[in-house]
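The values are calculated or read from the model by the stated rules, or taken from the named source; none is laboratory data. In this text, all values refer to a predicted model and were calculated from it rather than measured experimentally. No Cβ is skipped: glycine too gets one built from the backbone with ideal geometry, and neighbour counts run over all protein chains shown. Surface accessibility is based on the protein's heavy atoms, side chains included, excluding ligands, DNA and RNA. Shrake-Rupley method; radii C 1.70, N 1.55, O 1.52, S 1.80 Å.
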Amino acid sequence: MKLYDGGRAPNPRRVTVFLAEKGIEVEKVPVDMGQLGHKSEEVTRLNPLQRLPVLELDDGTAISETVAICRYFEELHPEPPLMGTDAKDKAIVEMWNRRVELIFLGAVANAFRHTHPAMKEWEVPQLPEWGEVNRPKALKFLEMLDTELADREFIAGDRYTIADITGMIGMDFMKPAKIERPEHLSNVMRWYQAVSSRPSAKA
């Protein structure tokens, strides 16, 4: 199998960190997104939405969407469990990962894509006002998360999961999105320090 990888972009990186936590090595095909490599004929053949990452299996099946790729590897390599254990735990992890992805990471991404000059050719139309609206949305979510993290170590409970991967990468993405990191949210910052210190965060 081959993983078409977009490097440090948030979604490709989420898969990279997930694989590092699992100790899984996959052949990677680097794609230079800065040079619009994700719009190439090769990537478009695998994913008509022209987005990365994309996992191509040995039988030619193409799996795109970050969480779908992670789910594939979770089923093949259930240990350590990053997407839950039993029915209840899986539902809680899914709930939190969706919250972090859709509300927090989504807001950070919108702020970046709609205000950064380098994204003008990517985000058409680029709406700076929408980017500005999303900055406080990201911070508001972190305020809620700070309260949640007062009595548990990780986002979805007492064990590191895919929700923490999504959250960590959202926090890292705040810098290029020009959203000031909320140092006053002590629980969020304690959690972020812990997850970003894991070896997988360097992957």
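What lysines could a cross-link reach from residue 39, if we take a straight Cα to Cα line under 22 Å and drop same-chain neighbours fewer than 8 places away?
Counting by Cα, and skipping residues close in sequence, residue 39 has these lysines nearby: 2, 28, 120.
Longest segment of the chain with no GluC sites (Glu not before Pro) in a DSSP loop having at most 12 other Cβ atoms within 10 Å?
26-120
Below 8 Å between Cα atoms, with a sequence gap of 6+, how large is the relative contact order for the chain in percent?
Reported as a whole number, the value is 20 percent.
Where the Cα atoms of region 108-203 are projected onto their three principal axes, how long is each span, largest first, in whole Å?
In descending order, the Cα extents are 42, 28, 19 Å.
Can you match semi-axes √(5λ) of the Cα gyration tensor in Å to one of these, (1) 26, 24, 13; (2) 26, 20, 15; (3) 24, 18, 17, based on a calculation from the structure here?
(1)
For n ≥ 4 DSSP H runs only, could you compute -39500 (n - 2.57) per run for the chain, divide by its residues and tell me the 222 nm figure to the nearest 500? Intermediate values should be presented prior to the final figure.
Numbers: 8 runs with 97 residues, N = 203.
Result for the chain: -15000 deg cm²/dmol, rounded to the nearest 500.
Which of 137, 120, 28 moves the most in a Gaussian network model of the chain with Cα springs under 10 Å?
120
Where does each of 162, 24 land when they are ordered by accessible area, with a 1.4 Å probe and the largest first?
24, 162
Do any trypsin sites (Lys or Arg not before Pro) in region 157-198 lie in a DSSP loop with no more than 16 other beta carbon atoms within 10 Å, and if so, which? Don't skip to the answer; put the middle values down first.
On the way: sites: 159, 178, 190; in loops: 159, 178.
Here the trypsin sites (Lys or Arg not before Pro) that fit, given the DSSP loop and packing criteria, are 159, 178.
For region 111-195, run through the chymotrypsin sites (Phe, Trp or Tyr not before Pro) and keep only the ones in DSSP coil with at most 16 other Cβ atoms within 10 Å of their Cβ.
Sparse-neighbourhood loop chymotrypsin sites (Phe, Trp or Tyr not before Pro): 122.
For region 106-203, what does the relative contact order come out to in percent, with C-alpha contacts under 8 Å and a separation of six or more?
27
Whole number in Å², please: accessible area per residue of the chain, 1.4 Å probe, ligands, DNA and RNA not counted.
Result: 52 Å² of accessible area for each residue.
Mean-square fluctuation check for the chain, GNM, Cα pairs under 10 Å: which of 106, 84, 23 is largest?
Comparing 106, 84, 23 in the GNM, the peak value goes to 23.
Based on the Kirkwood radius over alpha-carbon pairs, what value in µm²/s does the Stokes-Einstein equation return for the translational diffusion coefficient of region 1-59 at 10 °C and 1.306 mPa s?
137
If you roll a 1.4 Å probe over region 92-203 with all protein chains in place, what percent of the accessible area is carbon or sulfur?
C and S atoms contribute 56 percent here.
Could you compute the net charge surrounding residue 110? Neighbours are other residues with a C-beta less than 15 Å from the C-beta of residue 110; K and R count +1, D and E count -1. Please list the in-between numbers first.
Working: positive: 113, 120, 135, 137, 140, 178; negative: 101, 123, 129, 132.
That works out to +2.
Mind checking which of 52, 36, 105 has the largest fluctuation in a GNM of the chain, springs on alpha carbons under 10 Å?
Per the Cα network of the chain with a 10 Å cutoff, 36 tops the list.
Given a cut-off of under 8 Å on Cα pairs at least six residues apart, what relative contact order in percent is computed for region 1-115?
23
Heavy atoms of the protein only, probe of 1.4 Å, neighbouring chains included. What is the accessible area of residue 181 in Å², nearest 10?
80
Please label the shape of region 1-111 as rounded, prolate or oblate, based on the square roots a ≥ b ≥ c of the eigenvalues of the alpha-carbon gyration tensor (a/c under 1.5 means rounded; beyond that, a/b larger than b/c means prolate, else oblate).
Judged from the Cα gyration tensor, region 1-111 comes out oblate (a/c at least 1.5, b/c at or above a/b).
Ignoring ligands, DNA and RNA, how do 200, 64 rank by accessible area with a 1.4 Å probe, largest first?
The ordering from most to least exposed comes out as 64, 200.
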